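The values are calculated or read from the model by the stated rules, or taken from the named source; none is laboratory data. The shown structure was predicted, so the numbers you read here are calculated from the model rather than taken from an experiment. No Cβ is skipped: glycine too gets one built from the backbone with ideal geometry, and neighbour counts run over all protein chains shown. All accessible areas refer to the heavy atoms of the entire protein, side chains included, with ligands and DNA or RNA removed. Shrake-Rupley method; radii C 1.70, N 1.55, O 1.52, S 1.80 Å.
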Amino acid sequence: MSTVLAFLAKDARAFLGALETLALAALVFAALAWAVKGRRSLADAKAAAGETRINAVLSALDQLAVSPIVALFIAWLTTVVRDQGLQLHAAPVWALLGPTPTLIATVFLGDFVGYWRHRLQHTKWLWPAHAIHHSDTRLTWFSLERMHPVDRLGSALDTVVLAALGVPFWAQAGNVFVRHYYGYLIHADLPWTFGKAGWLLNAPAMHRWHHARDVAGSGANFATVFSVFDRLFGTFHLPGPCEAPLGVSEDMGRGALGQYLHPFRVWLAALRPATRKAILAAE
Ligand SMILES: [Zn+2]
Ligand SMILES: [Zn+2]
């Protein structure tokens, strides 16, 4: 009983901490939007209010229930990887590099892993869970919070891969931190392409094209931090700021429950013999 209470108290403290961080992020991005777009930023925020409400509900559910479970699962899996001897002994390499190059190398490596994981999330069987993130028609920094638990678990597996590659624990944590906050930036409603820096770094306009519906570019730009991976693997698309309609063609309801149930509905339907036949016939 005391263990459960201690867990709940820890969960509540983490939730309050996350609320503080979100409030600070909201202030920073509101100030940025005002500096770039002036009064139009207020109209844009008003137009995004409906989607922001869904993001807020899913974010709260994520902080309270999903994040602690994902964290426990990843901690267990990385321990299994270590105990089973599946971890590369790369400590001398990191010691030679020093802290800052180690962190930069880890974020680069993490982005490479994340690029391919994200491409997997766009394949037929994983897409129904990832579609929840793409269903936001008014992309803002807060859209990063719209994730299905299955999708969150998939993304968190990046850390297990880094652990298996022998990346130090502190650098794994640093990678999560950098990718999370850079993730807010690329989802922000800002027209930035980053100019020449866009050759190296992902920009908000680049990720907005990734969220475009039914147009060229919607199957592009899979990385989070570095644009080089998309350039290297032929998925780069940045003709300029993105004004194309965003979202997905699937209807998954407007409520958080509808969003959570959507992939399970799709997967169950696909397992029914009649639907499977139709899918096979269509292929
Ligand atoms: Zn995606
Ligand atoms: Zn996104």
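Could you tell me whether the stretch 89-109 includes any residue that is touching a strand residue (DSSP E or B) at 6+ places or on another chain (Cβ under 7 Å) and in contact (Cβ under 8 Å) with a residue 12 or more places away in the chain? Checking the stretch 89-109: at least one residue is touching a strand residue (DSSP E or B) at 6+ places or on another chain (Cβ under 7 Å) and in contact (Cβ under 8 Å) with a residue 12 or more places away in the chain.
Selection of the stretch 180-201 for residues being in contact (Cβ under 8 Å) with a residue 40 or more places away in the chain and within 12 Å of ligand 2 (Cβ to nearest atom) yields TYR182, GLY183, TYR184, LEU185, HIS187, ALA188. For the subset of the stretch 138-192 comprising residues that are within 15 Å of ligand 1 (Cβ to nearest atom), outside any helix (DSSP H, G or I) and touching a Ser or Thr at 6+ places or on another chain (Cβ under 8 Å), which member is least open to solvent (accessible area, probe 1.4 Å)? Ranking the candidates gives ARG146 first. Selection of the stretch 196-224 for residues being closer than 15 Å to ARG119 by Cα and touching a strand residue (DSSP E or B) at 6+ places or on another chain (Cβ under 8 Å) yields HIS211, SER218. Could you go through the stretch 202-211 and let me know if any residue there is within 16 Å of ligand 2 (Cβ to nearest atom), touching a His at 6+ places or on another chain (Cβ under 6 Å) and outside any loop (DSSP other than H, G, I, E, B). Yes - at least one qualifying residue is present in the stretch 202-211. For the stretch 104-111, does any single residue satisfy the condition of being within 16 Å of ligand 1 (Cβ to nearest atom), in a helix (DSSP H, G or I) and not polar (S, T, N, Q)? Yes, there is a match, as at least one residue in the stretch 104-111 is within 16 Å of ligand 1 (Cβ to nearest atom), in a helix (DSSP H, G or I) and not polar (S, T, N, Q).
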